[in-house]
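Data first, discussion second: the structure below is written as structure tokens.
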Amino acid sequence: MNNAVSGFSKLSKEEKINWIAKKYFSTPEEAVFLLKNYWNGDEKIQKLHDEFIENTITNFYIPLGVAPNFLINDKYTTIPMAIEESSVVAAASKAAKFWSTRGGFKATVINTEKIGQVHFTFNGDVSKLNLFFAQTKSKFFSDTESITKNMQQRGGGILDIVLKDKTNLLPNYFQLHATFETKDSMGANFINSCLEQFAKTLKEASQEYELFTEANEEVKVVMSILSNYVPNCVVRAEVSCPVEELAEKHIPNPQEFAERFVQAVQIAEVEPFRAVTHNKGIMNGVDAVILATGNDFRAVEAGVHAYASRNGQYSSLSHAKIEDGIFTFWLDIPLAIGTVGGLTSLHPLVKFSLQMLENPSAPELMQIVAVAGLAQNFAALRSLTTTGIQEGHMKMHINNIINQFAANDEERHLIKNHFKNNTISHSAVVDFIENLRK
Ligand code: MEV
């Protein structure tokens, strides 16, 4: 079957849906019904979502949950989390509650520098290029004045531009490596606009530069783009308390718990296979808040994992220690995010989430996101080093199994009752449902 199509983006939404339904489904009317069933009843909201991307056919739901009781820098916060994984919000809420009676979370923004680069080649005398750059540097700033004016009024702008010789990596490869402060915006558009102007200035000014007389002294721009690796845009989240205060129902021996917890973190610090899963648990919390607040989780993910490898081996983002009877657990994470621009003023649920967070500045949101990551990591390590992860996970996942079998209210009640005191596993729940239905 030939499933190629030309001019698809020009078709109306209805026509696109019909084309897909007829091409790929034996009962096209059911496929159409499903897609339309997920449309928003409010035409204005639907139109807004349709226009976020090209070729929208419907909406793809994931739950928006909240984790209350997060005491962050002495202030209670209810954190919005958009995520499909059963146990994540429950784990965050549990960790929030646990730490709310032990001093809460402390969060500090360490720095907020963003990075962008103009990649170019030059095959001539490097000392001439250095001289050219020194003499042209101020022009990169003046040529971007119309772009930077508003950002400067908000206290941001271009911090610096340096010429980097990368010819040890690739023949003739140089960069303009620029740093930016973008205040409450993530800054991608601002940075990319500046970079494209730098590239233009670079090209034009180099063509006019009197010392570049040879043909091989031509500056050739390859591309201009921000970097999602932001090792100087880092926030720290931390919890700490005397070891004995860790005691509670499931932690009868806090010293033993604290020691095992620290060991678990040390394993993630030295062992990449474990570090990836350990950090994935952190990202459960991070991505959920990033998504709920309309930020770009792909950018954050890419930057975070590069940061986790910055010393040459992939390693844990979080660390833990016991010193003088005090247990401390902390996380350093690079987060280039915004609370203005992008989706933040467009997506109604993003606006809702930001309002629930009391309209934070970008640095405040960095703190909240980092705390969500640390809380998630704490919850995971606490389960892993005590009961094991499956107990809590299956408690939440049981709903998915029940839904998969379309259990009615009575069956649901019986299943939940039975598994209050019995170990939950997929097959045990399935067996139980099948027995009920015999
Ligand atoms: C599951 O989504 C996340 C965990 O695997 C994280 C971890 O192992 O630390 C539980």
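The values are calculated or read from the model by the stated rules, or taken from the named source; none is laboratory data. Quick caveat, the model's predicted, so the values are computed rather than measured. Positions of Cβ are generated from backbone atoms using ideal geometry, with glycine treated the same way; all protein chains shown enter the neighbour counts. Calculation scope for accessible area: heavy atoms of the full protein, side chains included, ligands and nucleic acids excluded. Shrake-Rupley method; radii C 1.70, N 1.55, O 1.52, S 1.80 Å.
Quick one: with all protein chains in place, what share of the accessible area of the chain is carbon or sulfur, to the nearest percent (1.4 Å probe)?
52
Can you list the aspartates and glutamates whose alpha carbon sits under 19 Å from that of LYS416, skipping same-chain ones fewer than 8 residues off?
Of all the aspartates and glutamates, those that pass the test against LYS416 - Cα under 19 Å, at least 8 places apart if same chain - are GLU391, ASP431, GLU434.
Taking only protein heavy atoms and a 1.4 Å probe, what accessible area per residue, in Å², does segment 312-424 have with all protein chains in place? Intermediate values should be presented prior to the final figure.
Values: 5240 Å² over 113 residues.
Here the per-residue accessible area is 46 Å².
Running a GNM on the chain with Cα contacts under 10 Å, which residue among ILE326, ILE45, ILE225 ends up with the highest mean-square fluctuation?
For the chain, modelled as a Gaussian network with Cα springs under 10 Å, the answer is ILE45.
Add -39500 (n - 2.57) for each DSSP H run of 4 or more in the chain, then divide by its residues: what number comes out at 222 nm, to the nearest 500 deg cm²/dmol?
Working: 15 runs with 210 residues, N = 438.
Roughly -15500 deg cm²/dmol at 222 nm, from the helical runs in the chain.
For a quick check, take a GNM of the chain with Cα springs below 10 Å and name the residue from TYR24, TYR76, TYR229 with the largest mean-square fluctuation.
TYR24
So for each of 306-312, 116-122, 249-255 I average, over its residues, the number of other beta carbons within 10 Å; can you give me the resulting order with the highest mean first? Walk me through the numbers on the way to the answer.
Numbers: 306-312: 14.0, 116-122: 22.3, 249-255: 12.3.
Answer by packing, highest mean first, reads 116-122, 306-312, 249-255.
Can you list the lysines whose alpha carbon sits under 23 Å from that of LYS280, skipping same-chain ones fewer than 8 residues off?
Leaving aside lysines fewer than 8 places away in the same chain, those within reach of LYS280 are LYS94, LYS97, LYS106, LYS321, LYS395.
Report ³J(HN,Hα) in whole Hz for each residue of segment 103-119, in order, from the Karplus equation J = 6.51 cos²θ - 1.76 cosθ + 1.60 where θ = phi - 60°; Gly and Pro get x.
x, x, 9, 10, 9, 9, 7, 7, 7, 9, 7, 9, 10, x, 9, 9, 9
Straight-line reach from LYS23: which lysines have Cα under 16 Å away, leaving out those fewer than 8 places along the same chain?
Those lysines meeting the cut-off are LYS13.
Go through segment 281-295 residue by residue and turn each phi into a ³J(HN,Hα) via Karplus (6.51, -1.76, 1.60, θ = phi - 60°); whole Hz please, and just put x for glycine and proline.
Each residue of segment 281-295 in turn: x, 4, 5, 3, x, 4, 4, 4, 7, 4, 5, 5, 9, x, 9 Hz.
Which Cα, out of ALA428, ALA407, HIS393, lies furthest along the positive dipole direction of segment 393-437 (beta carbon charges, K/R +1, D/E -1)?
Farthest along the dipole direction, towards plus: HIS393.
Hey, what do the phi angles of segment 414-431 turn into as Karplus ³J(HN,Hα) couplings, whole Hz, using 6.51/-1.76/1.60 and θ = phi - 60°, x for Gly and Pro?
5, 5, 4, 4, 4, 8, 5, 10, 10, 5, 8, 9, 4, 5, 5, 5, 4, 4
Too long at a 28 Å Cα-Cα cut-off: which of LYS75/LYS420; LYS114/LYS351; LYS47/LYS75?
Checking Cα-Cα distances, LYS75/LYS420; LYS47/LYS75 exceed 28 Å.
Plugging the Kirkwood radius over Cα pairs into Stokes-Einstein for the chain, at a temperature of 37 °C and a viscosity of 0.692 mPa s, what D comes out in µm²/s?
Working: Rh = 25.3 Å.
Diffusion coefficient, whole number: 130 µm²/s.
List every residue whose amide H lies under 5 Å from the amide H of ASN69, counting only residues 5 or more places away in sequence or on a different chain, with H placed 1.01 Å from N in the peptide plane.
THR77
Rank by packing, highest mean first: peptides 181-190, 327-336, with packing defined as the count of other Cβ atoms within 10 Å averaged across residues. Please report the intermediate quantities before stating the final value.
Details: 181-190: 21.6, 327-336: 23.3.
Top of the packing list down: 327-336, 181-190.
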